[in-house]
Amino acid sequence: MTTSEQLFEKAKTLIPGGVNSPVRAFRAVGGHPLFIKSAQGPYLYDEDGQQYIELINSWGPMILGHAFEPVEKAVRDAIQHSFSFGAPTRKEVEMAELIVDMVPSVEMVRMVNSGTEATMAAIRVARGFTSRDKIIKFEGCYHGHGDSFLIAAGSGAVTMGVPDSPGVTKATAADTLTAPYNDLASVEKLLDNNYNQVAAVILEPVVGNMGCVLPEPGFLEGIRTLCDKHGALLIFDEVMTGFRLAAGGAQERFGIRPDLTTMGKIIGGGMPVGAYGGRADIMSVVSPAGPVYQAGTLSGNPIAMSAGLAMLRYLNEHPEVYTQLEETGSKLAEGFRKGLVKAGLNYTINHIGSMFTLFMTERSVTNFAEAKTCDLPLFGRYFRAMLKRGVYLAPSQFESLFISTALTNELVEQIIQANEESLQEALAEA
Ligand SMILES: *Cc1c(COP(=O)(O)O)cnc(C)c1O
């Protein structure tokens, strides 16, 4: 047994499923998870002494590669002054100012400790502000593990949601309506059928959580118009896309102004940080300015703020980061396409900037139902073949890959070569 296998066996007796977040257990791809010991630049190193090229980057935060010097230095400087005060600090003001400066629609912002916390707070604020109870979300969009979001579509395309996890009550599910992504007509129908009851429409402006799925032309604009017509707030969940698709996130890239925005991942530079923000009149209902309660003992933690500030400052001051990510992303996607052709496959690649997914299906993928047509056993074999060649992909078909600036042209070529071989191997094993 490898050290990773030994650690996993022991972990399973101590931690549910052996992991602190489900996807890490590799259940969707088979095999056992690698236990990571360290990381530097584009590489991960596991407990078994193997090196892997990173295409997850902690699900986004390590957009500048691992152990990025300015972020490390900021944290080293900060830890000399104690780890937490539970009192206001200068860094929180600087952080808020920077976020307001970078993210077009954000006028005021509140820091929290995770993306999940950010989305839970954002819908409470939307409900408090509008005095309405219901929300609309989209099938396949992930907004963290808050009860209101763990909702599956009911029968039929446009219906009331049902709990998607034991422990979520039917009453909670009844307040979450679901629609297929990229389907404006469904959203319109939900808003009409629940007239004056919908507090907010929440979505990933580019989806990362059913694999990478792009909004079709007019979709985001259409949702904005429908929200305005019905007095519902538009919430962009930019936990994944924020500071990634542009310095100002997807809203900058697509030129759409949501009312509220949730942020996470990159915003903490690898530390547990989330945030929600938006229009000043809406954010002013948050306590203690207003009546909607939301709090956090460790929110705005000085070490976490130091890491996040260093990360965001660097991104804000180096627009060439995004040019580089575009180029690297395009090269990879192009190389993967060639690999598919060589393997005689007509599968779909969705790509934007530094996010992309190779879907093992010939269907175009614009929503969750289409994503689910993928050949999942083939993906599992492909994933393991890539791992064997030292490339660490997200261990599920329904995830996006995240590129960092640490990927050199030489590494891109290595990954493209590994992709070609892995596709052939996965097919031959069928
Ligand atoms: C990761 C993610 C979340 C949840 O963030 P956590 O920090 O894992 O709680 C919410 N929304 C989106 C779009 C995400 O990608």
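Being touching a residue at least 24 places away in the same chain (Cβ under 8 Å) and on the phi > 0 side of the Ramachandran plot: is that true of Gly255 here? So Gly255 does not fit the description; no.
Taking the conditions exactly as written (in contact with a Gly (Cβ under 9 Å, 6 or more places away or on another chain), farther than 17 Å from Asp101 by Cβ and within 13 Å of the ligand (Cβ to nearest atom)), does Thr261 satisfy them or not? Step through it out loud before you land on a result.
Values: in contact with a Gly (Cβ under 9 Å, 6 or more places away or on another chain): yes; farther than 17 Å from Asp101 by Cβ: no; within 13 Å of the ligand (Cβ to nearest atom): yes.
Considered against the rule, which asks whether it is in contact with a Gly (Cβ under 9 Å, 6 or more places away or on another chain), farther than 17 Å from Asp101 by Cβ and within 13 Å of the ligand (Cβ to nearest atom), Thr261 comes out as no.
Looking across region 233-258, the residues that are within 11 Å of the ligand (Cβ to nearest atom) and assigned to a loop (DSSP other than H, G, I, E, B) come down to Glu238, Val239, Met240, Thr241, Gly242, Arg244. Against the test of being assigned to a helix (DSSP H, G or I), in the same structural domain as Lys91 (by TED's automatic domain parsing) and away from the ligand (no atom under 16 Å from the Cβ), the options Leu309, Leu325 yield a single qualifying residue, Leu309. In region 225-241, the residues that are closer than 13 Å to Tyr195 by Cβ reach residues that are within 16 Å of the ligand (Cβ to nearest atom) with C-beta atoms within less than 6 angstrom, at least six apart or across chains, in these pairs: Ala232/Ala200; Ala232/Val201. Based on what the data block shows, is Thr178 part of a helix (DSSP H, G or I), among the polar types (S, T, N, Q) and within 16 Å of the ligand (Cβ to nearest atom)? When the stated conditions are applied, Thr178 does not pass them.
Here Glu117 meets each of (1) assigned to a loop (DSSP other than H, G, I, E, B); (2) on the phi < 0 side of the Ramachandran plot with one exception, condition (1).
None of Ile303, Ile282, Ile349 is more than 16 Å from the ligand (Cβ to nearest atom), assigned to a strand (DSSP E or B) and either among the acidic types (Asp, Glu) or modelled with pLDDT of 95 or more (or both) except Ile349. Selection of region 120-149 for residues being touching a strand residue (DSSP E or B) at 6+ places or on another chain (Cβ under 7 Å), assigned to a loop (DSSP other than H, G, I, E, B) and near the ligand (Cβ under 9 Å from one of its atoms) yields Cys141, Tyr142, His143.
Looking at Leu427, Leu407, just one residue is part of a helix (DSSP H, G or I) and touching a residue at least 40 places away in the same chain (Cβ under 8 Å), and that residue is Leu427. Being surrounded by 16 or more Cβ atoms within 10 Å (Cβ to Cβ) and within 23 Å of Asp101 (Cβ to Cβ) is not true of Gly339. Residues in region 257-290 that are more than 19 Å from the chain's Cα centre (by Cα), basic (Lys, Arg) and surrounded by 24 or more Cβ atoms within 10 Å (Cβ to Cβ): none.
Name the residue, out of Ser38, Ser4, Ser82, that is under 25 Å from the mean Cα position of the chain (by Cα) and more than 17 Å from Leu309 (Cβ to Cβ). Only one candidate qualifies: Ser38.
For the structure I just gave you, tell me whether Met62 is buried (at least 20 other Cβ atoms within 10 Å of the Cβ), within 16 Å of the ligand (Cβ to nearest atom) and in the same structural domain as Gly249 (by TED's automatic domain parsing). Talk me through it step by step, then tell me what you get.
Values: buried (at least 20 other Cβ atoms within 10 Å of the Cβ): yes; within 16 Å of the ligand (Cβ to nearest atom): yes; in the same structural domain as Gly249 (by TED's automatic domain parsing): no.
Criteria not met by Met62.
The residues in region 66-92 that are closer than 26 Å to Lys37 by Cα, in a helix (DSSP H, G or I) and of a type outside the set (A, V, I, L, M) can be counted, and the count is 7.
Among the residues of region 111-141, those identified as under 27 Å from Tyr314 (Cβ atoms) and either of a type in the set (Asp, Glu) or surrounded by fewer than 22 Cβ atoms within 10 Å (Cβ to Cβ) (or both) are Asn113, Ser114, Thr116, Glu117.
Give the residues of region 327-339 that are touching a residue at least 12 places away in the same chain (Cβ under 8 Å) and within 26 Å of the chain's Cα centre (by Cα), sorted by residue number.
Residues of region 327-339 that are touching a residue at least 12 places away in the same chain (Cβ under 8 Å), as a first pass: 328-333, 335-339.
Matches in region 327-339: Thr328, Gly329, Ser330, Lys331, Leu332, Ala333, Gly335, Phe336, Arg337.
Contact map, region 115-129: first residue touching a residue at least 24 places away in the same chain (Cβ under 8 Å), second residue of a type in the set (Asp, Glu) and more than 15 Å from the ligand (Cβ to nearest atom), Cβ cut-off under 8 Å, separation 6 or more or different chains; pairs are Ala126/Asp259; Arg127/Asp133. Selection within region 103-114: residues that are within 16 Å of the ligand (Cβ to nearest atom) and part of a loop (DSSP other than H, G, I, E, B). The member of this set that is nearest to Met283 (Cα to Cα) is Val103.
The values are calculated or read from the model by the stated rules, or taken from the named source; none is laboratory data. Computed from a prediction, not measured in an experiment: that's the story for all the values here. Neighbour counts are summed over all protein chains in view; Cβ atoms, including those assigned to glycine, are modelled from backbone coordinates with ideal geometry.
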